[in-house]
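Remarks on the structure that follows.
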Amino acid sequence: MSNSQPIKGNAVIGQSGGPTAVINQSLVGVVEGLAGSPAVGKILGAHHAVSGIVKDDYIELQDIPSERLERLAQTPSAALGSSRDKPDADYCKRILKSFEKNNVRYFFYIGGNDSSDTCRIVNELAKADNYEIRCFHVPKTIDNDLVNNDHTPGFASAAKFVAQAFIGDNLDNRALPGIKINIIMGRHAGFLTAAAMLARQHDDDGPHLIYVPEAAFDLDKFKADVAEIYGRLGRCLIAVSEGIHDKDGTPIMTKLAATVEKDAHGNVQLSGTGALGDHLADVLKDHLGKDTRVRADTFGYLQRCFAGCVSQTDAHEARLVGRKAAELALSGYSDGSIAIQRVSNKPYEVEYKRIELTDVAAKTQTLDPKYIVNGNNIDASFRDYIGPLVGDLPVVESVRVH
């Protein structure tokens, strides 16, 4: 809802969850959008997100020179520091107390669906307390799993890393044939794993098999899939999402140990361990013979902030969602989340829309089933969706007998 008139006070910007290659673009976009407004006094960066807010730990941003801001925008990771805290109502009351103490009237939280929920709770508490504040969620996640968004900032750059890593790994696998498994981030959504298909430039290029969490994973089928490709090509390159699960929804990772580590949100810890890749490699060795060359890598946190694989589309859009959030807050809207929605594909064009916080909070978007082929591959049509986001990739050639 728009109140038409801006309110006078300070602004707080926070960066939450996993860092990305372009999250600082959004930070700078908000700062730029607020700069010069007579309604905004200090622009405060929350040091380590909500955990810093409740400690009144802020970094003043309003006087940073424009050339430094530009370098900051092009620097990967979360410059303010991030947090994995998932605030409940009591935690959000402490956030609101800090805001009231510091005359904060504008709150911008850059993050995923949990971050939008934090904005929602703070906004509702403020209304109940008759404290006027503008709360805006600025989208960010490499998982690309925010509903009502065509895609989210951070995803395209991580996808570019995955695609380029597979281009190189495919060449390696061609030179020294064997079976190679790469584990890619994605708990419930397989967008990032699906991006590996961009590495295919020739008919026999890998990844030859792609497994996403939207399709149930069957170990016997996996062994048969790999055996068929390996028998036909003499090699097999495989992309596997860390979140693959069986037909009952049980993550394969939970079957590998009696106790598994969980994060602050209660989720099974999937990244930061090579257990899944090692397990699948052992399964294939047992099935195909101990002498079979099988290797596994876990991309892990490298996917999030790799400096050499920033998508220019991603960087541009991340900046603009920050500016849009500031624009809407100053124009009188009390809250909302900024959604990127595709208008056309040829030419590629998007628009930035305000949606309700409740439309995105605690919800998950998953890969459209139309892109999943036989539970072990991604359809070529996915390239039309992801290609404009990732941009140009290295073109490679090889000497082969035709």
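Brief remarks follow.
- Annotation: of all residues in the range 336-354 being touching a residue at least 60 places away in the same chain (Cβ under 8 Å) and under 19 Å from the mean Cα position of the chain (by Cα), the one that is farthest from residue 189 (Cα to Cα) is 350.
- Some residue of the range 222-229 being of a type in the set (Val, Ile, Thr) and over 25 Å from the mean Cα position of the chain (by Cα): yes
- For the range 25-51, a residue qualifies if it is closer than 19 Å to residue 119 by Cα and polar (S, T, N, Q), and the qualifying residues are 26, 51.
- Any hit, the range 317-327, residues being over 30 Å from residue 72 (Cα atoms), of a type in the set (Gly, Ala, Ser) and part of a helix (DSSP H, G or I): no
- Residue within the range 368-383 that is under 19 Å from the mean Cα position of the chain (by Cα) and outside any helix (DSSP H, G or I) present: yes
- Selection within the range 29-52 - over 26 Å from residue 5 (Cβ atoms) and of a type in the set (Val, Ile, Thr): 50
- Checking each residue in the range 325-338 for being crowded, with 24+ Cβ neighbours inside 10 Å and not β-branched (Val, Ile, Thr) picks out 325, 326, 329, 335, 336, 337.
- Search result, residues across the range 175-198 that are of a type outside the set (S, T, N, Q), buried (at least 24 other Cβ atoms within 10 Å of the Cβ) and either over 15 Å from the mean Cα position of the chain (by Cα) or closer than 20 Å to residue 279 by Cβ (or both): 179, 180, 181, 183, 184, 185, 186, 190, 196
- Number of residues in the range 176-235 that are in contact with a Lys or Arg (Cβ under 9 Å, 6 or more places away or on another chain) and not in a loop (DSSP other than H, G, I, E, B): the value is 7.
- Scanning the range 153-164 for any residue that is of a type outside the set (Phe, Trp, Tyr), in a loop (DSSP other than H, G, I, E, B) and crowded, with 24+ Cβ neighbours inside 10 Å turns up at least one such residue.
- Residue 186 within 15 Å of residue 243 (Cβ to Cβ) and at pLDDT below 95: yes
- Test: residue 130 is under 13 Å from the mean Cα position of the chain (by Cα) and either closer than 20 Å to residue 90 by Cα or part of a loop (DSSP other than H, G, I, E, B) (or both): no
- Elements of the type strands (runs of 3 or more DSSP E) sitting completely within the range 1-112 and holding at least 2 residues that are surrounded by 22 or more Cβ atoms within 10 Å (Cβ to Cβ): these cover 9-15, 40-46, 104-111.
The values are calculated or read from the model by the stated rules, or taken from the named source; none is laboratory data. Keep in mind that what you see is a predicted model, and the values were worked out from it rather than measured. Cβ sites come from the backbone with ideal geometry, for glycine too, and all protein chains shown count toward neighbours.
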